[in-house]
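Notes for the one structure printed next.
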Amino acid sequence: MADRFANRRRITSLDPETDHVEIMRISSGYEFPWDYVRSLEFALFRTYCVPSISGLLARTGEFERRPQKRYDDTALLMAELVEHGYDSPRGREALRVVNRLHGRYEISNDDMRYVLSTFIFDPIEWISRFGWRPLTDHERMAAFHFYSAVGVRMGIKDLPATYSSYLAFKRAYEAEHFTYSDTNRQIGQYTLDLFCSWYPAPRALTSRAVLALLDKPMLTAFGFRPSPTWLTALAHTALHLRAHTVRMLPPRRTPRLTNDSNNRTYPGYPTGYRPSDLGAPNPRSAQLGHAVPGCRDAEETDLYPPEPHVRGQ
């Protein structure tokens, strides 16, 4: 079992402020790949409890027309930043895509700050409850420094300067802005339907299992009926049993970040793809044999503004 904690020892030997990219790569790619994916799915789900965010998504129609593609775009763009670093060539390309996608819309700076906060704190909370080992302070602080640096490169203003102040901002923002709206329910239902489409189990069972993992403020903001208490307890027990099993496994030797051969929108990613193939149609992708309604080539950098149009600066 000594080898099982070699990555943790490596992480605690690094500086979470200056080495946050490496810590994030080890923690999310080797130690908790499944947990990071699941927690970020629910983190994005959580942001749809804010009517200004769900309202914008409803107006774009993206969730109605192609929810799977939007999910895959977001997941892969974030994975590119973690795997390669936000200042690497692929990381900079991914950030140009992120900023281009956000730059199409007028988004408040507070909404941008809030969404970014969920990428820091929701995985920390998930792993604290369901991870195979506790996160170290180095991992928590590295997540804060990593996404704060990403936020600066996205043009987000007035980012909280400390871990505790950012967490306090997140909690206060949710307390003020989590309220029911029809667009919350609409986008929440599209997301729930997407989650259910991934599993062979009956939709009624899958949807109740997903809702069993939502807290009361989320259920209220979406207008969803809570799952039975027994199902919530069963879902939590299953996740704890999974964590116990993973703890007994040998350490992962290959990171799992962008290299998901089963990606539904971009099969075989990253082979044959660049970050600029994400988020929009690209005839070049079709020529490569990928069933992706394409995006322009990375060389067309005039399409990628340095930062999105953010209100409230």
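Throughout, read-outs are computed from the coordinates displayed, never taken from laboratory work. Please read these numbers as outputs of a predicted model, since none were measured by experiment. Positions of Cβ are backbone-derived with ideal geometry, glycine not excepted, and every protein chain shown enters the neighbour counts.
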Volume per residue that the Cα convex hull of the range 143-273 spans, once the total is divided by residue count, Å³: 200
Extent along principal axes [Cα atoms of the chain; Å; largest to smallest]: 49, 46, 43
Relative contact order of the range 1-116, pairs being alpha-carbon contacts under 8 Å that are 6 or more residues apart, as %: 21
Label-to-label distance, nm, for residues given as residue 65 and residue 237 (7 Å Cα→Cβ offset): 4.6
Average projection area in nm² (convex hull over Cα atoms of the range 1-68, one quarter of hull surface): 6.7
Chymotrypsin sites (Phe, Trp or Tyr not before Pro) within the range 134-201: DSSP coil, no more than 15 neighbouring Cβ in 10 Å: 180, 198
